[in-house]
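The values are calculated or read from the model by the stated rules, or taken from the named source; none is laboratory data. Note that the coordinates shown come from a computational prediction; the quantities given were computed from them, not determined experimentally. Every residue, glycine as well, gets a Cβ built from its backbone with ideal geometry; the counts of neighbours run over all protein chains shown. For the accessible areas, the whole protein counts, side chains as well, though only heavy atoms, and no ligand, DNA or RNA atoms are used. Shrake-Rupley method; radii C 1.70, N 1.55, O 1.52, S 1.80 Å.
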Amino acid sequence: MKVGVIMGSKSDLPVMQEAIDILKSFAIVVEVDIVSAHRTPEKMFDYGKNAHKNGIAVIIAGAGGAAHLPGMIASLSPLPIIGVPVKSSNSIDGWDSVLSILQMPGGVPVATVALNGAKNAGILAAQIIATSDKSVLDKVIAYKEGLKVKVIESAKGL
């Protein structure tokens, strides 16, 4: 199973790289592309309608500003979509992106993570895949155990 990581423009890549990196650490195949809802709508339609036919299990879509990409992909695809609001240079402190992704109409769900929260999007995608892939489940369990150990170790230094 693969996770599709798409973004509206290359300028979103520094944020979205965190999703790519965490997914690779779980040994999940990642397919990365730039799919602009406003500049390449035909590509967006094709991607949304065919991702499930191309072995994609979950789509992570990052977008800034008006941030239509996650919702439009969700309207086209039967797959779970995780939206990453990206604080862009033309953003209103990121709130425009957050609300554009968060406020979806009934019937078109998009799981939404925090502003620039691509790492959590990657972890959530891994957890979705882990429901049917024991090797990924084991990696997620080990990752979460590692988080616990880090907290315990940091508390020892107080």
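Quick look at the numbers
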| item | result |
| --- | --- |
| Entirely in the stretch 57-158, the helices (runs of 4 or more DSSP H) that have 1 or more residues that are touching an Asp or Glu at 6+ places or on another chain (Cβ under 6 Å) and open to solvent by less than 60 Å² (accessible area, probe 1.4 Å) | 118-130 |
| Total residues in the stretch 76-121, condition basic (Lys, Arg) and either in contact with a Ser or Thr (Cβ under 9 Å, 6 or more places away or on another chain) or farther than 21 Å from Ile20 by Cβ (or both) | 1 |
| Residues located in the stretch 1-40, provided they are more than 14 Å from the chain's Cα centre (by Cα) and either polar (S, T, N, Q) or within 19 Å of Pro85 (Cα to Cα) (or both) | Ser9, Lys10, Ser11, Ser25, Ser36, Ala37, His38, Arg39, Thr40 |
| Qualifying residue in the stretch 19-39 (condition: touching a Phe, Trp or Tyr at 6+ places or on another chain (Cβ under 9 Å), outside any helix (DSSP H, G or I) and more than 30 Å from Lys134 (Cβ to Cβ)) | yes |
| Residues of the stretch 21-43 satisfying the condition of being out of contact with any Ser or Thr (no Cβ under 9 Å at 6 or more places or on another chain) and charged (D, E, K, R) | Asp21, Lys24, Glu31, Asp33, Glu42 |
| The stretch 139-157 residues that are within 18 Å of Ala125 (Cα to Cα), paired with ones that are part of a helix (DSSP H, G or I) (beta carbon under 6 Å, 6 or more apart) | Val140/Ala126; Val140/Gln127; Val140/Ala130 |
| Only listed residue being modelled with pLDDT under 95 and within 23 Å of Gly94 (Cβ to Cβ), chosen from Ala66, Ala74, Ala61 | Ala66 |
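To keep it simple, each residue is scored yes or no on (1) at pLDDT below 95; (2) buried (at least 18 other Cβ atoms within 10 Å of the Cβ); (3) of a type in the set (D, E, K, R).
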{"position": "Ile6", "(1), (2), (3)": "no, yes, no"}
{"position": "Met16", "(1), (2), (3)": "no, yes, no"}
{"position": "Ala19", "(1), (2), (3)": "no, yes, no"}
{"position": "Phe26", "(1), (2), (3)": "no, yes, no"}
{"position": "Val29", "(1), (2), (3)": "no, no, no"}
{"position": "Asp33", "(1), (2), (3)": "no, no, yes"}
{"position": "Ser36", "(1), (2), (3)": "no, no, no"}
{"position": "Glu42", "(1), (2), (3)": "no, no, yes"}
{"position": "Gly48", "(1), (2), (3)": "no, yes, no"}
